[in-house]
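Engineer: Sharing a structure, written as structure tokens. Questions coming.
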Amino acid sequence: MGLRWPTLRGLLLPRRLPAEPMSRIIVGLGNPGPEYADTRHNIGFHCVDSVAGKHEIRLSRRHRSVLVGEGEIEGRPVVLAKPRTFVNRSGLAATYLLARYKLTPAELLVVCDDVALPLGKVRLRARGSSGGHRGIESIIDALGTQDFPRLRIGVGQPPPDTSQVDYVLGTMSDEEMVTAAHDFYSFMQRRHTVRDYSSREVPREIIERCILAAGTAPSGANHQPWHFVAISNPEHKHRIRLAAEEEEKGFYEGGASEEWLRALEPVGTNQEKPHLDIAPWLIVIFAQRYGQFADGQKFKNYYVPESVGIATGFLIAALHHAGLASLTHTPNPMKFLNGLCDRPDSEKPVMILAVGHPSEDATVPSVAKIKKPLDEILSVRE
């Protein structure tokens, strides 16, 4: 809904937190089911999902009234939760969570939408009435107290000819979509390729989830003609580095045209590829020329380069969303990757993605920050 974790970071975790074993529960309110996923009333769900993704907290524990994830934020234990009931029965989840973790209402932070606040504005209160919000009202009734903090996120007021119920259960307006588009553009502007990586480890689950996101990309006939090989083994990464540098040596010592080499000079690349050793993960992307049914019968894949290109873009965006940097590397030729990654000849290696956290002294070449303006990349015919 146009709100991102950096905006909410200081509000979701006040500086003073109790020292109990599980010191804070953050509950985002919303309605379950795909038909409500993008409605204004589900902004609490969106916030919890954003925090969970940023801090690698998986909401996987299911109770009949709530979905729960446990983790840490800035070294403090935190529970994230999304009720599995409709908003007006959120009190069931709140009651269960406080009993399960033996906490008090004061340690329960509820995140919800608020039509009384302008779009995107937030308000944090330590206690108070429901303000007409059925979810807050349900929690007050269930706990028997108003003394629990709540973070209200403004979704704006409904138009004069729209009821409040229809409004909060509706999807974003044009204005809200414009805000969301601007926010996503600003978010992607912060994505830059880096060549200097930290050796800090990256959990496998992050890589797996980002590849799952890549797998949601559209493809010709929905054949999904891609395969990703994720490598963290140091010896395996080093073998790939040696083979890639051998190909790059030929490229820089006569294989590339002078024009091509001049184009690369501002970026500062050469045949040395230490990031292939240092980055905690390498993801090798393969394009599948054909697929196979369970009985071994082959079938043709369609629009393979286009499909794999779209999936790769999804992957790079997902890695950025997870807080990671990536570097595309395309040694030419790349056939050596089939053997090193144990992939069949029917698959064509497309690129290597080095993935990890930038080193403290990582820099981005100034030329890489120059992007074409809109009028050079867009033509509109209305």
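The values are calculated or read from the model by the stated rules, or taken from the named source; none is laboratory data. Please read all numbers here as calculations on a predicted model, not as lab measurements. Cβ atoms come from the backbone with ideal geometry, glycine included; neighbour counts cover every protein chain shown.
Engineer: Inspect segment 23-33 for any residue being at pLDDT below 85 and part of a loop (DSSP other than H, G, I, E, B) and give the result as yes or no.
Structural biologist: Yes, some residue in segment 23-33 is at pLDDT below 85 and part of a loop (DSSP other than H, G, I, E, B).
Engineer: Given segment 123-235, what helices (runs of 4 or more DSSP H) lie entirely inside it while holding 2 or more residues that are at pLDDT 90 or above, under 23 Å from Cys47 (Cβ atoms) and out of contact with any Gly (no Cβ under 6 Å at 6 or more places or on another chain)?
Structural biologist: Counting at least 2 such residues, we get 134-143, 174-189, 204-214.
Engineer: Go through (1) out of contact with any Ser or Thr (no Cβ under 8 Å at 6 or more places or on another chain); (2) farther than 16 Å from Val48 by Cα; (3) not in a strand (DSSP E or B) and name the single condition Leu97 misses.
Structural biologist: So Leu97 meets the others, but not (2).
Engineer: Tally the residues that are touching a Pro at 6+ places or on another chain (Cβ under 8 Å), farther than 17 Å from Asp38 by Cα and not in a strand (DSSP E or B), restricting the search to segment 104-120.
Structural biologist: Residues flagged as touching a Pro at 6+ places or on another chain (Cβ under 8 Å), farther than 17 Å from Asp38 by Cα and not in a strand (DSSP E or B) within segment 104-120 amount to 2.
Engineer: Can you name the residue in segment 249-282 that is modelled with pLDDT of 85 or more, part of a helix (DSSP H, G or I) and aliphatic (A, V, I, L, M) and, of all such residues, is surrounded by the fewest Cβ atoms within 10 Å (Cβ to Cβ)? Break it down stepwise before answering.
Structural biologist: Our first condition is that a residue be modelled with pLDDT of 85 or more; within segment 249-282, this holds for 272-282.
Adding the requirement that they be part of a helix (DSSP H, G or I) leaves 275-278.
Narrowing the set further to residues that are aliphatic (A, V, I, L, M) leaves 276, 278.
On the way: Leu276: 24, Ile278: 18.
Restricting to residues being modelled with pLDDT of 85 or more, part of a helix (DSSP H, G or I) and aliphatic (A, V, I, L, M), the top hit is Ile278.
Engineer: Test of understanding: among Arg209, Arg195, Arg241, which residue is surrounded by 13 or more Cβ atoms within 10 Å (Cβ to Cβ) and in contact with a Lys or Arg (Cβ under 8 Å, 6 or more places away or on another chain)?
Structural biologist: Being surrounded by 13 or more Cβ atoms within 10 Å (Cβ to Cβ) and in contact with a Lys or Arg (Cβ under 8 Å, 6 or more places away or on another chain) holds for just one of Arg209, Arg195, Arg241, which is Arg241.
Engineer: Could you pull out every one of the helices (runs of 4 or more DSSP H) wholly within segment 283-377 that has 3 or more residues that are in contact with a Ser or Thr (Cβ under 7 Å, 6 or more places away or on another chain)?
Structural biologist: Hits in segment 283-377: 304-321.
Engineer: Determine whether segment 284-294 contains at least one residue that is closer than 20 Å to Val202 by Cβ, in contact (Cβ under 8 Å) with a residue 60 or more places away in the chain, in contact with a strand residue (DSSP E or B) (Cβ under 7 Å, 6 or more places away or on another chain) and assigned by TED's automatic domain parsing to the domain that holds Val229.
Structural biologist: There is at least one residue in segment 284-294 that is closer than 20 Å to Val202 by Cβ, in contact (Cβ under 8 Å) with a residue 60 or more places away in the chain, in contact with a strand residue (DSSP E or B) (Cβ under 7 Å, 6 or more places away or on another chain) and assigned by TED's automatic domain parsing to the domain that holds Val229.
Engineer: Please verify whether Pro331 is more than 15 Å from Ile231 (Cα to Cα), modelled with pLDDT under 95 and buried (at least 17 other Cβ atoms within 10 Å of the Cβ), treating the condition exactly as stated.
Structural biologist: Yes: the conditions hold for Pro331.
Engineer: Just to check your reading of the model, which residue among Ala318, Ala311 is in contact with a Phe, Trp or Tyr (Cβ under 6 Å, 6 or more places away or on another chain), on the phi < 0 side of the Ramachandran plot and surrounded by 21 or more Cβ atoms within 10 Å (Cβ to Cβ)?
Structural biologist: Matching residue, one of Ala318, Ala311: Ala311.
Engineer: Something else: Going by the conditions given, is Val78 in a strand (DSSP E or B), over 15 Å from Tyr96 (Cα atoms) and out of contact with any Leu (no Cβ under 6 Å at 6 or more places or on another chain)?
Structural biologist: yes
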